[in-house]
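Here the structure is laid out as structure tokens; the discussion comes afterwards.
The values are calculated or read from the model by the stated rules, or taken from the named source; none is laboratory data. Predicted model, so just to flag it, every value in this text is computed and none were measured. We place every Cβ from the backbone using ideal geometry, glycine too, and count neighbours over all the protein chains shown. Ligands, DNA and RNA are excluded from the accessible area calculation, which covers all protein heavy atoms including side chains. Shrake-Rupley method; radii C 1.70, N 1.55, O 1.52, S 1.80 Å.
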Amino acid sequence: MAKPILAAFLSCQGTQLSDDEKVILNQSNPVGLTLFARNIKNKIQLKHLIHEIKEVIGRDNVLIAIDQEGGRVRRLKEPEFRPYSSQCDIGCLDTKQAIIAAQIHAQLISSDLHNLGINVNYAPVLDIAYPQTTEALRSRCFSNSAKTISILGAEMIKTYTQNGIISCIKHMPGHGLSVSDPHLGLPIIDISLEELQYEMQPFKDCNFAPFGMTAHILLPQIDDKFPLTQSKTGIQKLIREQIGFNGLLISDAIDMKALKGSITEKAQLSLSAGCDCVCYCMGNIAEMHELVQNCPYLSDIANERLDKSLQILHNRFEVSDLTEKVATYNQLMGQITPYKDTYDATEVLHNMTDKGIKNV
């Protein structure tokens, strides 16, 4: 009988697993593990770490995930890895060129991930950009046009899928209107269900994606008590019914300051609201112990959604000379002035945690 799978993506602290981390991963059997910049020193080290993680968990289909969107949010960086433009920069091209750039972008990243043993990319971002959109998100959005986002998002999802990488659309149902950073506090977007329709359109058009991630936002006109990630009404009414998403639903990081309470409370509220699994990113050993002791296993429907998505891993990346692709991508992206983005929300959160600042 197969060992039940913990409804969580866990994380680790450094460039190799500690003895405590090995015990936690082996005993809890999580859906997978998310990698961050702190886990990456070079290609050789990273391959070893990924092999170690898979070996310790002991499951053939364990998921290794990463944020490799492009632009500021890319955990695989130069000089070890190729540079990639932000989604904002891709969206600045005319539609035909943007489609080509989006396809090559996803194909080249797929190649990088395959070479390392990574099989999940938390991308693309389908939020709509506005003048007031928080800097935590602005450069990560393709456009201020829902139609453009739908087109480019769909191209990336299809390309990742064709090349054996599971993609994850985010952040449902859309938080481009938020002016504050959910890593630091809870954004409030006070708009009606009718007004939300435009925000949700790219997610509706791309609801065939295998994985999706929730937004840590409060929508008072939908649920004035719980953030979307922890709102049964929000997840069922907006994500499952209106957007029509039936893939594996992952919470955004439960260690972000937008959510209140202990790690156990955050996880249990998110899962009981309808998330299939939670994402824990800080790699704190004490919190990980608490989480794995109190987090349930995947539900039957979550297992079905996971099994369906795992079929994508059979689509193997076709190894070929990518020189021409790289040249075309560089030529296309060289036409525009890159968006100047200096804010990495994850780094801000890590710095706060390192200084001992707790949830309030």
Next on the checklist: Can you tell me which residue is nearest to Arg305 (Cα to Cα) among those in segment 43-63 that are open to solvent by less than 50 Å² (accessible area, probe 1.4 Å), among the β-branched types (Val, Ile, Thr) and free of Cβ contacts under 8 Å to residues at least 40 places away in the same chain?
Outcome noted: Val62
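Can you find a residue in segment 285-300 that is modelled with pLDDT of 95 or more, part of a loop (DSSP other than H, G, I, E, B) and touching a Phe, Trp or Tyr at 6+ places or on another chain (Cβ under 8 Å)? Before you say what the answer is, go through the steps one by one.
Applying the first criterion (modelled with pLDDT of 95 or more) to segment 285-300 yields 285-300.
Imposing the further condition that a residue be part of a loop (DSSP other than H, G, I, E, B) reduces the set to 295-296, 298-299.
Cutting the leftovers down to touching a Phe, Trp or Tyr at 6+ places or on another chain (Cβ under 8 Å) gives us none.
Looking through segment 285-300, none of the residues is modelled with pLDDT of 95 or more, part of a loop (DSSP other than H, G, I, E, B) and touching a Phe, Trp or Tyr at 6+ places or on another chain (Cβ under 8 Å).
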Checklist entry - Quick one: would you say Leu177 is of a type in the set (A, V, I, L, M, F, W, C) and assigned to a loop (DSSP other than H, G, I, E, B)? => result yes
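Here's the yes/no breakdown for (1) part of a helix (DSSP H, G or I); (2) open to solvent by 60 Å² or more (accessible area, probe 1.4 Å); (3) modelled with pLDDT under 95; (4) within 27 Å of Ala302 (Cβ to Cβ):
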{"site": "Pro4", "(1), (2), (3), (4)": "no, yes, no, yes"}
{"site": "Ala8", "(1), (2), (3), (4)": "no, no, no, yes"}
{"site": "Gly14", "(1), (2), (3), (4)": "no, no, no, no"}
{"site": "Val23", "(1), (2), (3), (4)": "yes, yes, no, yes"}
{"site": "Asn26", "(1), (2), (3), (4)": "yes, yes, no, yes"}
{"site": "Gly32", "(1), (2), (3), (4)": "no, no, no, yes"}
{"site": "Lys41", "(1), (2), (3), (4)": "no, yes, no, no"}
Next on the checklist: Looking for something crowded, with 20+ Cβ neighbours inside 10 Å, over 25 Å from Leu63 (Cβ atoms), at pLDDT 95 or above and touching a Pro at 6+ places or on another chain (Cβ under 8 Å) - is there at least one such residue anywhere in segment 159-171?
Outcome noted: no
Checklist entry - Do we find that Gln162 is polar (S, T, N, Q) and either under 18 Å from the mean Cα position of the chain (by Cα) or farther than 25 Å from Ser110 by Cα (or both) in this structure? => result no
Checklist entry - Which residues, taken from segment 202-232, are aromatic (Phe, Trp, Tyr) and touching a strand residue (DSSP E or B) at 6+ places or on another chain (Cβ under 6 Å)? => result Phe203, Phe211
Next on the checklist: List pairs: first residue in segment 256-284 and open to solvent by less than 20 Å² (accessible area, probe 1.4 Å), second residue aromatic (Phe, Trp, Tyr) anywhere in the structure, Cβ distance under 6 angstrom, at least six positions apart or on different chains.
Outcome noted: Cys279/Phe9
Item to check | Subset tally (residues that are within 18 Å of the chain's Cα centre (by Cα) and buried (at least 21 other Cβ atoms within 10 Å of the Cβ)) for segment 179-198 | outcome: 2
